[in-house]
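Colleague: My questions all concern the structure below.
The values are calculated or read from the model by the stated rules, or taken from the named source; none is laboratory data. Quick caveat, the model's predicted, so the values are computed rather than measured. Heads up, the Cβs are rebuilt from the backbone with ideal geometry, glycines too, and the neighbour counts pull from every protein chain shown. Ligands, DNA and RNA are excluded from the accessible area calculation, which covers all protein heavy atoms including side chains. Shrake-Rupley method; radii C 1.70, N 1.55, O 1.52, S 1.80 Å.
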Amino acid sequence: MTVKQLTLPELATACRELGVPAVGLWRTPVQEYGVEAAARLVRDAGLTVTTLCRGGFLTAVDADERAAALADNRRAVDEAATLGTDTLVLVSGGLPPGAKDLRAARERIADALTELAPYAEDHGVKLAIEPLHPMFASDRCVVSTLTQALDLAERFPAHQVGVTVDTYHIWWDDTAPEAIARAGVQNRIHTFQLADWITPLPESVLNGRGQIGDGAIDMRQWQGYVEAAGYTGSIEVELFNEDLWARDGRQLLAETARRWAENVEV
């Protein structure tokens, strides 16, 4: 998504030329290109697919809507397995229309995971619950803190369900470092993502993620937290930003690699 202005073939070529060894993919462009074709494309480019994003949206009350969500998440698991990644990121979903009970919505997520987690395990895929910043609690994700995500994940084996640590969503939370340590002890950090917090936020806050180094987050500090917790997996950069998307995608990818070296790489 950082360079969504690039087609998948353009992305694969740019990654290969710039020495980027791995990529996290999103379902929409993969589906548009064709899942099997996308899998061949990245494999032929020598790329590793770190994660597939996103599954989730599991808070529906209506029986038909719930069944549709579960079916879509099973398809997402299938797609992840085809692409060769072992991690599906979950954005859990917001409050259903007219609802106000956050705890009840989180319980519906747990109920859905009871069905999805074994299915994912059967396909060699782990589910990674991603907490989103509280400003998204009503419409996108009732899981707002890493602690809340762990409370859900811990109902299941760690090889089935873990968490996503995303700097953009948790940097404000003083309890997050302790939660990262807790997740590390249990081997539940399934992916680690970077984006910076810039202000003022744009009118469309969903697309307000800043380029690494442009905002308020100390990336090396958060890298230190996950490394101290034992995480040795890939680190993704995931930027949603209209201004960045308006730029040349290959130049943006090259800039992101430079910012990585300046702000993250040791």
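Colleague: Within 10 Å of each candidate Cβ there may be at most 16 other Cβ atoms; applying that plus a DSSP loop requirement, which chymotrypsin sites (Phe, Trp or Tyr not before Pro) in region 116-175 survive?
Modeller: TRP172
Colleague: Moving on to the next point. Taking amide H positions as placed 1.01 Å from N in the peptide plane, with prolines and chain starts having none, which residues 5 or more places from GLY55, or on another chain, fall under 5 Å of its amide H?
Modeller: Amide H to amide H, under 5 Å and 5 or more residues apart or across chains, GLY55 pairs with VAL89, LEU90, VAL91.
Colleague: Connecting C-alpha atoms closer than 10 Å in a GNM of the chain, tell me which of LEU127, LEU113, LEU201 has the biggest fluctuation.
Modeller: LEU201
Colleague: Only Cα pairs under 8 Å and at least 6 apart count here; give the relative contact order of the chain as a rounded whole percent.
Modeller: For the chain, the relative contact order is 17 percent.
Colleague: What full-extension length gain, to one decimal in nm, is calculated for ARG247 and ASP174 as 0.36 nm per residue of separation minus the Cα-Cα distance? All intermediate terms of the calculation are to be shown ahead of the outcome.
Modeller: Working: separation 73, 0.36 × 73 = 26.28 nm, distance 3.47 nm.
Result for the pair: 22.8 nm of gain on full extension.
Colleague: Which FRET efficiency value, to the nearest 0.05, do you get for VAL205 and GLN5 by plugging their Cβ-Cβ distance into 1/(1 + (r/R0)^6) with R0 = 25 Å?
Modeller: 0.75
Colleague: Ignoring any ligand, DNA or RNA, what whole percent of the accessible area of the chain comes from carbon and sulfur when the probe is 1.4 angstrom? Show your work: numbers first, answer last.
Modeller: Working: 5810 of 11780 Å².
After summing per-atom areas, the C and S share lands at 49 percent.
Colleague: Order VAL205, VAL185, VAL3 by their accessible area, 1.4 angstrom probe, all chains in place, largest first.
Modeller: Solvent-accessible surface, decreasing: VAL185, VAL205, VAL3.
Colleague: Amide H neighbours of LEU239 under 5 Å, at least 5 residues apart or on other chains, H built in the peptide plane: list them.
Modeller: Here the answer is THR2, since their amide H atoms fall under 5 Å of that of LEU239.
Colleague: On to the next question. For region 151-266, what relative contact order do you get, as a whole percent, if you take Cα pairs closer than 8 Å and at least 6 residues apart?
Modeller: 27
Colleague: Same structure, new question: If DNA, RNA and ligands are ignored and the probe is 1.4 Å, what is the ranking of ARG188, ARG140 by accessible area, most exposed first?
Modeller: Sorted descending by solvent-accessible area, the residues read ARG140, ARG188.
Colleague: With charges set only on the Cβ (+1 for Lys and Arg, -1 for Asp and Glu), what does the dipole of region 57-125 come to about its Cα centre, in debye to the nearest 20?
Modeller: 300
Colleague: Report the full-extension gain for the segment ASP44 to ALA110: residue separation times 0.36 nm, less the Cα-Cα distance, to one decimal in nm.
Modeller: Details: separation 66, 0.36 × 66 = 23.76 nm, distance 3.77 nm.
Taking 0.36 nm per residue and subtracting the Cα distance, the gain is 20.0 nm.
Colleague: Of GLY162, ILE217, CYS141, whose Cα points farthest to the positive end of the dipole of region 127-229 (charges on the beta-carbon: +1 Lys, Arg; -1 Asp, Glu; origin at the Cα centre)?
Modeller: Highest projection toward the positive end goes to GLY162.
Colleague: How much length would be gained if the chain were fully extended between ARG74 and THR232, taking 0.36 nm per residue of separation minus their Cα-Cα distance, in nm to one decimal?
Modeller: Length difference between fully extended and current span is 54.1 nm.
Colleague: Now a separate question. Sum -39500 (n - 2.57) across every DSSP H segment of at least 4 residues in the chain, then divide by the residue count to get the 222 nm mean residue ellipticity, nearest 500. Can you show the working numbers first?
Modeller: On the way: 11 runs with 121 residues, N = 266.
One gets -14000 deg cm²/dmol as the mean residue ellipticity at 222 nm.
Colleague: Just check region 84-184 against the gyration tensor rule for me: Cα atoms, a ≥ b ≥ c as the square roots of the eigenvalues, rounded for a/c under 1.5, and otherwise prolate or oblate depending on whether a/b exceeds b/c. Please list the in-between numbers first.
Modeller: Details: a/c = 1.82, a/b = 1.17, b/c = 1.56.
It comes out oblate by the Cα gyration axes.
Colleague: Next question, about the same structure. Starting from the amide H of THR191, placed 1.01 Å from N in the peptide plane, find each other amide H under 5 Å away whose residue is 5 or more places distant or on another chain.
Modeller: Those qualifying (amide H under 5 Å, at least 5 residues apart or on another chain) are VAL163, VAL165.
Colleague: How high is the FRET efficiency between ASP218 and ASN187 when r is their beta carbon distance and R₀ equals 22 Å, given to the nearest 0.05?
Modeller: Plugging the Cβ-Cβ distance into 1/(1 + (r/R0)^6) gives 0.30.
Colleague: Which of (i) 46, 41, 38; (ii) 50, 49, 32; (iii) 55, 39, 37 is the computed Cα extents along the principal axes in Å for the structure on display?
Modeller: (i)
Colleague: Same structure, new question: What are the ³J(HN,Hα) values, in whole Hz, obtained from phi via the Karplus relation 6.51 cos²θ - 1.76 cosθ + 1.60 with θ = phi - 60°, for each residue of region 133-147 in sequence order, with x given for Gly and Pro?
Modeller: So the Karplus estimates, Gly and Pro as x, are 3, x, 5, 9, 5, 6, 10, 10, 7, 7, 9, 10, 10, 5, 5 Hz.
Colleague: Work out from phi, with θ = phi - 60° and the Karplus expression 6.51 cos²θ - 1.76 cosθ + 1.60, the ³J(HN,Hα) of each residue of region 61-73, listed in order in whole Hz, and give x for Gly and Pro.
Modeller: Values per residue, Gly and Pro as x: 8, 4, 4, 5, 5, 5, 4, 5, 5, 4, 5, 5, 5 Hz.
Colleague: Magnitude of the Cβ-charge dipole of the chain, K/R +1 and D/E -1, about the Cα centre, nearest 20 debye?
Modeller: Values: 24 positive and 39 negative charges, 46 e Å.
Value, rounded to 20: 220 debye.
Colleague: In what order, largest first, do LYS4, LYS100 sit by accessible area if the probe radius is 1.4 Å?
Modeller: Greatest to least solvent exposure: LYS100, LYS4.
Colleague: At 1.4 Å probe radius, can you tell me the per residue accessible area of the chain in Å²?
Modeller: Numbers: 11780 Å² over 266 residues.
Value for the chain: 44 Å² per residue.
Colleague: Looking at the chain, which longest stretch skips every one of the GluC sites (Glu not before Pro) that is in a DSSP loop with at most 16 other Cβ atoms within 10 Å, leaving the sites themselves out?
Modeller: No qualifying site falls inside 1-153, the longest such stretch.
Colleague: Under a point-charge model restricted to the Cβ atoms of Lys and Arg (+1) and Asp and Glu (-1), what is the dipole moment magnitude of region 127-254 relative to its Cα centre, in debye to the nearest 20?
Modeller: 340
Colleague: Using every Cα-Cα pair within region 28-143, state what percent have a distance larger than 25 Å.
Modeller: 25
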